[in-house]
Ligand code: GDP
Ligand code: MG
């Protein structure tokens, strides 16, 4: 396998933390403050004959009034055009209209989408996770849905395995 994978999601869901965790290097700045990633950051993960280029994107913004938001949306959208697979990141079991907007954009691309539920360490009621995953799985045609914690490095191997098996 050799290909490009875009990591997309609304601001602050943990995209940059996830990229750093996947490639085991701190290439992308992470921050509690939204909008820290303003450019496309790429990281390469090599495993045997498999090589994947992961592209961290600025978060997609619903608000397009500010020029910087428009610019970041454009950077994020153009990243999607180049890739074979899209990793769509959301925060735990939260799901809001910003996620919906990002997912709509992602689905317009017609590319396969892997959904990652990040920050699973922060989910208080673990019993909600499985039903939530099932619901989204029935509603959308994801290639997979994975609960992970980028911060704690949990289930990151699942993502890598899904990408390299393609
Ligand atoms: P981005 O805007 O999507 O790139 O988000 P960042 O990677 O910059 O992360 C935003 C904030 O969420 C930072 O404070 C991270 O430390 C935090 N964060 C990222 N992943 C996790 C996680 O799995 N668990 C928890 N508790 N916090 C996380
Ligand atoms: Mg970021």
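No value in this document is a laboratory result; all are computed from the given coordinates. Since the model is a prediction, treat every value here as computed from it, not as a measurement. Note: ideal-geometry Cβ built from the backbone for every residue, glycine included; neighbour counts use all protein chains shown.
Once you treat every alpha carbon in region 80-122 as an equal point and sum by Debye, what is log10 I(q)/I(0) at q = 0.17, 0.23 Å⁻¹? Result of the Debye calculation: -0.47, -0.78. Specify the residue with the greatest mean-square fluctuation among 67, 150, 52, computed from a Gaussian network of the chain linking alpha-carbon atoms under 10 Å apart. Greatest mean-square fluctuation among the candidates belongs to 67. Here 13, 53, 83 are placed in order of increasing Cβ neighbour count within 10 Å, fewest first, which gives 53, 83, 13. Dividing the mean sequence gap of close Cα pairs (under 8 Å, 6+ apart) by how many residues region 72-151 holds gives a relative contact order of 34 percent. For residue 100 and residue 165, a Förster radius of 35 Å and the Cβ-Cβ distance give a FRET efficiency of 0.75, rounded to the nearest 0.05. Of 26, 124, the sequence from fewest to most neighbouring Cβ atoms within 10 angstrom is 124, 26. Give the percent of DSSP beta bridges with both residues in region 47-166 that are antiparallel, rounded to the nearest 5. That works out to approximately 15 percent antiparallel.
On average, how much area does the Cα convex hull of the chain cover when viewed from any direction, in nm²? Mean orientational projected area (the chain, Cα hull): 8.9 nm². Only helical runs count toward this figure. For the chain, summing -39,500 (n - 2.57) over DSSP H runs of n ≥ 4 and dividing by all residues gives -10500 deg cm²/dmol at 222 nm. The residues 70, 126, when put in order of fewest to most other Cβ atoms within 10 Å, stand as 126, 70. Rounded, prolate or oblate, given the Cα gyration tensor of region 91-166, with a/c below 1.5 counting as rounded? Oblate. Take every Cα pair under 8 Å whose residues are at least 6 apart in sequence, average their separation, divide by the length of the chain, and the relative contact order is 25 percent.
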